[in-house]
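*Asks:* One structure, pasted below without further comment.
Readers should treat all values here as calculations from the given coordinates under stated rules, not as data from a laboratory. What you are looking at is a predicted structure, and each value in this text was computed from that prediction instead of being measured. Positions of Cβ are backbone-derived with ideal geometry, glycine not excepted, and every protein chain shown enters the neighbour counts.
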Amino acid sequence: MILLDRVTKVYNRTNTALDRVSIHVEAKEFVIIIGTSGAGKSTLLKLLTKEERPTGGKIVVGGLDYDKLQDKDIPLVRRKIGVVFQDFKLLPNRNVFENVAFALEIVGYGNGEIKHTVPRVLDIVGLKGKEKSMPLELSGGERQRVAIARAIVRQPKILIADEPTGNLDPKHAWDVIKVLEKVNRYGTTVLLTTHNKDIVNKLKRRVITLKDGRVVSDRANAEYKQV
């Protein structure tokens, strides 16, 4: 599903963000990526979503060899990958239904498809009955679940959750994590970056640790051990 083979990203002579990183993630895995600020997590995610290009190495995602992709192919890549951010990035003047529907509108879904699909996805993330609520009327956890619904409404093969609980209290953080686990059970590959030790330790998932742009640990059923 995701293959990085000796991937390097150099921004300048004093900033090598990733240094010969090799990672293989199977379809339907749930993988946690940890590391201190500057370890290379954000760069890794940007390479997967084609926001950045590697300086060296090979990236293959969902059977697509990034070396062979042209600019016109990038939307195809991004349809395979849903992304959830720490700060939600919801449209403040649209209600819950409209925020999720927007992800379908921009790729040309018709009204009938949207009316059928959006309620089903809101049910998955536990927001049935909140369709008409505005973002500011929701808790932080609810807003993050709207963001997850928007990210998965086009049924991506991969969901990247970049510090999705960073701004949430423990209860709402766990609500979000439970939704990510549910999405994973439906067959979506999940990559989660987090600094939350409790989440990592309780999930007991595969944990990849980055330090100074290198993979220094890759362990199954792991707990948080920052190096």
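*Asks:* Checking the table K128/K204; K50/K171; K41/K182; K9/K68 against a 22 Å threshold on Cα-Cα, which pairs fail?
*Replies:* Over 22 Å apart, Cα to Cα: K128/K204; K50/K171; K41/K182.
*Asks:* Still on this model: Using helices alone, what [θ] at 222 nm do you get for the chain, with -39,500 (n - 2.57) per DSSP H run of 4 or more residues, divided over all residues and rounded to the nearest 500?
*Replies:* -10000 deg cm²/dmol
*Asks:* Provide V207, V83, V60 in ascending order of the number of other Cβ atoms located within 10 Å of each residue's Cβ, fewest first.
*Replies:* V60, V83, V207
*Asks:* In percent, what relative contact order does region 2-219 have, based on Cα pairs under 8 Å that are 6 or more apart in sequence?
*Replies:* Relative contact order here is 30 percent.
*Asks:* What does the net charge come to around N15 if you take all other residues with beta carbon closer than 13 Å to its beta carbon, with K and R at +1 and D and E at -1?
*Replies:* -1
*Asks:* Using the Cβ atoms and a cut-off under 12 Å, what net charge is assigned to the surroundings of D175, where Lys and Arg are +1 and Asp and Glu are -1?
*Replies:* +2
*Asks:* Okay, moving on. For the Cα atoms of the chain, what angle does the longest principal axis make with the long axis of helix 96-105, in degrees from 0 to 90, nearest 10?
*Replies:* Taking the Cα atoms of the chain, the angle to 96-105 is about 60 degrees.
*Asks:* May I ask for the net charge around A101, where only other residues with Cβ less than 13 Å from the Cβ of A101 are counted and Lys, Arg are +1 while Asp, Glu are -1?
*Replies:* Around A101, the charge tally is +2.
*Asks:* For helix 140-152, what angle does its Cα long axis make with the longest principal axis of the chain, in degrees from 0 to 90 and rounded to 10?
*Replies:* Helix 140-152 sits roughly 80 degrees off the main axis of the chain.
*Asks:* Okay, next question. Could you work out the relative contact order of region 12-110? I mean the mean sequence separation of Cα pairs under 8 Å and 6+ apart, divided by the number of residues, in percent.
*Replies:* Normalised by residue count, the contact order of region 12-110 is 16 percent.
*Asks:* Answer with a single label: of [x] 12.5; [y] 20.2; [z] 13.2, which was calculated as mean projected area of the Cα convex hull in nm² from the structure in view?
*Replies:* [x]
*Asks:* Taking every DSSP beta bridge with both residues inside the chain, roughly what % is antiparallel (nearest 5)?
*Replies:* 55
*Asks:* Further, regarding this structure: Anyone know which of H116, H195, H24 comes out most mobile in the 10 Å Cα GNM of the chain?
*Replies:* Maximum fluctuation in the GNM of the chain, among the listed residues, is at H116.
*Asks:* Follow-up. Straight-line reach only, C-alpha to C-alpha below 14 angstrom: list the aspartates and glutamates that K80 could link to, leaving out same-chain residues fewer than 8 apart.
*Replies:* In chain and number order, the partners are D65.
*Asks:* In debye to the nearest 20, how big a dipole does region 31-70 give about its Cα centre with +1 on each Lys and Arg Cβ and -1 on each Asp and Glu Cβ?
*Replies:* Using Cβ point charges on Lys, Arg, Asp and Glu, region 31-70 gives about 20 debye.
*Asks:* Using alpha-carbon positions, what is the distance between the centroids of region 51-125 and region 133-209, in Å?
*Replies:* One Cα centre to the other: 16 Å.
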